[in-house]
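Visitor: Take a look at this one; I'll ask things after.
The values are calculated or read from the model by the stated rules, or taken from the named source; none is laboratory data. Keep in mind that what you see is a predicted model, and the values were worked out from it rather than measured. We place every Cβ from the backbone using ideal geometry, glycine too, and count neighbours over all the protein chains shown. Accessible surface is based on the protein model in full, side chains and every heavy atom, while ligands, DNA and RNA are left aside. Shrake-Rupley method; radii C 1.70, N 1.55, O 1.52, S 1.80 Å.
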Amino acid sequence: MSLEVRLKHRLGDFVLDAEFATHGHVTALFGPSGAGKSSIVAAIAGLSRPRQGRIALDGRVLTETPRLFVPPEQRRIAVVFQDARLFPHMSVQNNLLFGWRRAAARARAAARARAAAKAEAATISHVVELLGLGALLGRRPHKLSGGEKSRVALGRALLASPDLLLLDEPLASLDAARRGRSCLISKDWRGRRSCPCSMSATRWTR
Amino acid sequence: MSEILTLAETTALLLSLRISGVAIACALPFAFMTAWLLSQRRFTGKSLASGIVHLPLVLPPVAVGYLLLVVFGARGPVGSWLWDNLGIRFVFSWTGAALASALITFPLQVRAIRLALEGADPGLAEAARTLGAGRLDRLLNLTLPLALPGIVSGAITAFAASLGEFGAIITFVSNIPGETQTLPLAIYAALQAPGGETEAARLCLLSILLALLFVTVGEIAARRLWR
């Protein structure tokens, strides 16, 4: 996969000016808090529109100011947000299936064989087992601990079969004991499903 | 029921419930659209639009009834058009009372829904977008269910308030037993008649019980639905 990012964005007094291209499977953005990591994640996902710039994923141009801007719902880029952002009115199971259902419907509509196969492979039981979510499926998000929320958010993003997975501070909210394990899980998942991911982190303890 | 309430009281009670029910149900979709526009959209003249929506809350109900008479009356521009082309008449009819109640309680519904919409975390909509949910999808599966407690409590509060509407109804559609005479109008009529104090007191007690019931139900519904 290849990800090209070039953007200039102004947030109050702060001017974000970033440019990078990456061909690896995992890309990590490091920097002190306030450096603009989350802003870059938002721009790649299409949640913010840079003043100036170009973003392309595998040659597919997503943002090219001023004329082209693909809305986030059409980018097939899933984000695991710092604050999980689970839907409070849905059970864990329906949260997990939110992106999965839409990805499956889209694949069916477009009859894209590769995407259909991908969506098929991303069975919920697989992710549930991988992230240890079995006991949580019937619960509502407000009954989950911080670490559990993060795992559900990760599962929800993985099940959307995205072309790119963005993890915003993935380690900040996971409890220390789970850190090692979830790193392994992301690796395992990538190996099997070839879902590239980019993450931002202020610190990496392992 | 007929053993506790007289026939006239039952008629007034059922008419009140019907008028308020129809008024709130018909106004609800418009209230949601208005609340959505006021909370999610930016446009010029928004403060003015918000002011106009809230006008029935501060205007004397008699003035609202008079304005309705001017617009929807038999010789009013809208009223005469409706009668000539669709055969719909609001004056001296219970539908007119429902229209007046809907208008008076409209701001109550809009306020409750607007508060719920503004209280929703915009981050959730962003998350839904990255998961492939388009505009209509988000409205149906995220915005509406998240605003549901506000919608329900707003509707119940507006319903309870509508049961007490007096000025706009009596001005617009007059006080006709069995057609437009709701509970408050029946109390007024009882007070006008010689020796009607007992009847007025009975109807008043009925109104109090009804209002108490719906306000309490509204409170409980709002609390239950939230999460």
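Visitor: Using a 1.4 angstrom probe, figure out how much accessible area the stretch B:1-137 has per residue, in square angstrom, rounded to the nearest whole.
Guide: 55
Visitor: Could you name the aspartates and glutamates in cross-link range of A:Lys37, using Cα to Cα under 18 Å and dropping any fewer than eight places away on the same chain?
Guide: Qualifying aspartates and glutamates at Cα under 18 Å: A:Glu4, A:Asp13, A:Asp17, A:Glu19, A:Asp83, A:Asp168, A:Glu169, B:Glu126.
Visitor: Oh, and also: Rounded to the nearest 100 Å², what is the buried accessible area between A and B, both sides summed, probe 1.4 Å?
Guide: 1800
Visitor: Now a separate question. Counting pairwise Cα distances across the protein assembly as shown, what percent come out greater than 42 angstrom?
Guide: Here the tail beyond 42 Å accounts for 36 percent of pairs.
Visitor: Hey, for a label at A:Ser125 modelled as a point 7 Å past Cα toward Cβ, could you say which residues of the stretch A:94-111 have their backbone N under 17 Å away?
Guide: A:97
Visitor: Quick one: putting +1 on the C-beta of Lys and Arg, -1 on the C-beta of Asp and Glu, what dipole do you get for the protein assembly as shown around its Cα centre, in Debye to the nearest 20? Write out the running numbers ahead of the final one.
Guide: On the way: 49 positive and 28 negative charges, 488 e Å.
In total the dipole reaches around 2340 debye.
Visitor: Moving to a separate point now. Per residue in the stretch A:64-104, which ones lose no less than 50 Å² of accessible surface when going from chain alone to all protein chains (1.4 Å probe)?
Guide: Those residues are A:Glu73, A:Arg85, A:Phe87, A:Pro88, A:His89, A:Phe98, A:Arg102.
Visitor: Further question on the same structure: With r as the distance between the Cβ atoms of B:Ser47 and A:Ala56 and R0 = 45 Å, compute the FRET efficiency 1/(1 + (r/R0)^6) and round to 0.05.
Guide: The pair A:Ala56/B:Ser47 has a calculated efficiency of 0.60.
Visitor: Turning to a different aspect of this structure: With every protein chain left in place, what is the accessible area per residue of the stretch A:1-58 in square angstrom, probe 1.4 Å? Please list the in-between numbers first.
Guide: Working: 3100 Å² over 58 residues.
Here the residues of the stretch A:1-58 average 53 Å² of exposed surface.
Visitor: Given the options B:Ala98, B:Ala31, B:Ala63, which has the most mean-square fluctuation in a GNM of chain B, springs set between C-alpha atoms less than 10 angstrom apart?
Guide: Comparing B:Ala98, B:Ala31, B:Ala63 in a Gaussian network model of chain B, the most mobile one is B:Ala63.
Visitor: Just to be sure I understand the interface: list residues from the stretch B:107-127 that lose 50 Å² or more of accessible area between the chain on its own and the complete protein assembly, 1.4 Å probe.
Guide: Those residues are B:Leu124, B:Glu126.
Visitor: Evaluate the Kirkwood expression for the hydrodynamic radius of the stretch B:40-125, namely the inverse of the mean inverse distance over all pairs of different C-alpha atoms, and round to one decimal in Å.
Guide: 15.1
Visitor: Using a 1.4 Å probe and counting only protein heavy atoms, arrange B:Cys204, B:Cys26 so the residue with the most accessible area comes first.
Guide: Details: B:Cys204 60, B:Cys26 80 Å².
The ranking, largest first, comes out as B:Cys26, B:Cys204.
Visitor: Just give the residues from the stretch A:41-61 buried by at least 40 square angstrom of accessible area in the all-chains context relative to the isolated chain, probe 1.4 Å, and say none if nothing qualifies.
Guide: So the qualifying set is A:Leu47.
Visitor: Give the carbon-plus-sulfur fraction of the accessible surface of the stretch A:23-84 in %, rounded to a whole number; probe 1.4 Å, heavy atoms of protein chains only. Don't jump to the answer; show the numbers that get you there.
Guide: On the way: 1480 of 2910 Å².
Carbon plus sulfur share of accessible area: 51 percent.
Visitor: What residues of the stretch B:153-190 lie in the reach of a label at B:Glu219, counting those whose backbone N is under 20 Å from a point 7 Å from the Cα along Cα→Cβ?
Guide: Counting backbone N atoms under 20 Å from the label point, the list is B:153-164.
Visitor: Something else: Counting only C-alpha contacts under 8 Å and six or more residues apart, can you give the relative contact order of chain B as a whole percent?
Guide: Contact order relative to length: 28 percent.
Visitor: While we're on this one: Restricting things to Cα coordinates, could you compute the convex hull volume per residue of chain B in Å³?
Guide: Numbers: hull volume 34.1 nm³, N = 227.
Each residue corresponds to 150 Å³ of Cα convex hull volume.
Visitor: A follow-up question, please. In chain B, carbon and sulfur make up what percent of the accessible area (probe 1.4 Å)?
Guide: Looking at chain B in its full context, I get 68 percent from C and S.
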